[in-house]
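Structure record follows, encoded as structure tokens.
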Amino acid sequence: KNEVEQSPQNLTAQEGEFITINCSYSVGISALHWLQQHPGGGIVSLFMLSSGKKKHGRLIATINIQEKHSSLHITASHPRDSAVYICAVIIGTASKLTFGTGTRLQVTL
Amino acid sequence: DAGVIQSPRHEVTEMGQEVTLRCKPISGHDYLFWYRQTMMRGLELLIYFNNNVPIDDSGMPEDRFSAKMPNASFSTLKIQPSEPRDSAVYFCASSFTGHGGELFFGEGSRLTVL
């Protein structure tokens, strides 16, 4: 079993829909990253969080350390949000990132 | 700042050849990371440097892989000899504060070993 699980693996939504992508992990972590990988392959860091909630534009990330769970929400989704969203965790005090397998999001008109 | 710069963007080579991937981190970033992405295994950390010193290379798959950072503005990842299973996209990233801070990724180098 992977230490980091994402769901769903694939998601199709219509423009304007509210989207939630989930990330669960099985070990203690010190922080969690959400990354976005566009169809062209480039990777962009969206959030790094260790507690609570962060918001940037239409994106909201939350984390519940006790429940070992994080969510990434996209409000008023748009076709340009189509990408793979990757959750990655820093396990304990280690300096390594352990990655989830990603959620492929397709937003249609 | 131009961001993290990687070269080449694409490389096609034959099995047994030496491959060198290059990375220029963002100026002032103390940490540099090399990752590999494949369909089967997703993203994996290969090695990272802090202030040009390799800190953790436990992700390097085998002795055929080596990485250097001779100065703060340049790093290389070398594969010698290359094998078809090394085909992947190799990303370089840099940051101010390691994995505990925002990561800035290069565009990646897509390697195909025939």
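The values are calculated or read from the model by the stated rules, or taken from the named source; none is laboratory data. Note that this is a predicted model, so its numbers are computed, not measured. Positions of Cβ are generated from backbone atoms using ideal geometry, with glycine treated the same way; all protein chains shown enter the neighbour counts.
Taken as a whole, the structure leaves A:Thr101 outside the set of residues that are farther than 26 Å from B:Gly106 by Cα and polar (S, T, N, Q).
You will find that of A:Ser7, A:Ser24, A:Ser70, A:Ser82, the residue that is crowded, with 20+ Cβ neighbours inside 10 Å, more than 12 Å from every other protein chain (Cβ to nearest Cβ) and at pLDDT 95 or above is A:Ser70 and no other.
Go through the residues of segment A:96-107 one by one and say whether even a single one is free of Cβ contacts under 8 Å to residues at least 12 places away in the same chain, buried (at least 16 other Cβ atoms within 10 Å of the Cβ), within 19 Å of B:Leu43 (Cα to Cα) and facing chain B (nearest Cβ under 9 Å). Yes, segment A:96-107 contains a residue that is free of Cβ contacts under 8 Å to residues at least 12 places away in the same chain, buried (at least 16 other Cβ atoms within 10 Å of the Cβ), within 19 Å of B:Leu43 (Cα to Cα) and facing chain B (nearest Cβ under 9 Å). Counting the residues of segment B:38-77 that are assigned to a strand (DSSP E or B), in contact (Cβ under 8 Å) with a residue 12 or more places away in the chain and among the small types (Gly, Ala, Ser) gives 3. Looking across segment B:93-114, the residues that are more than 24 Å from A:Ile29 (Cβ to Cβ) and either more than 12 Å from every other protein chain (Cβ to nearest Cβ) or of a type outside the set (S, T, N, Q) (or both) come down to B:Gly106, B:Glu107, B:Gly108, B:Arg110, B:Leu111, B:Thr112, B:Val113, B:Leu114. Considering the conditions (1) facing chain A (nearest Cβ under 10 Å); (2) under 10 Å from the mean Cα position of the chain (by Cα); (3) within 19 Å of B:Glu83 (Cα to Cα), B:Glu44 is excluded by exactly one of them, (2). Note on segment B:62-114: among residues that are hydroxyl-bearing (Ser, Thr, Tyr) and under 18 Å from A:Ala88 (Cβ atoms), the one that is farthest from the chain's Cα centre (by Cα) is B:Thr97. Considering segment A:1-81, the qualifying strands (runs of 3 or more DSSP E), each wholly inside and each with 1 or more residues that are more than 23 Å from B:Phe91 (Cα to Cα), run over A:4-7, A:10-14, A:19-25, A:29-37, A:52-56, A:59-64, A:69-74. The residues on offer are A:Ile29, A:Ile65, A:Ile91, and the sole one that is surrounded by 21 or more Cβ atoms within 10 Å (Cβ to Cβ), of a type in the set (A, V, I, L, M), under 22 Å from B:His99 (Cβ atoms) and at pLDDT below 95 is A:Ile29. Here A:Glu17, A:Glu67 are screened, and the one residue that is over 20 Å from B:Arg41 (Cβ atoms), without any contact (Cβ under 8 Å) to a residue 60 or more places away in the chain and among the acidic types (Asp, Glu) is A:Glu67. Note on segment B:78-110: among residues that are crowded, with 22+ Cβ neighbours inside 10 Å and part of a loop (DSSP other than H, G, I, E, B), the one that is modelled with the lowest pLDDT is B:Leu103.
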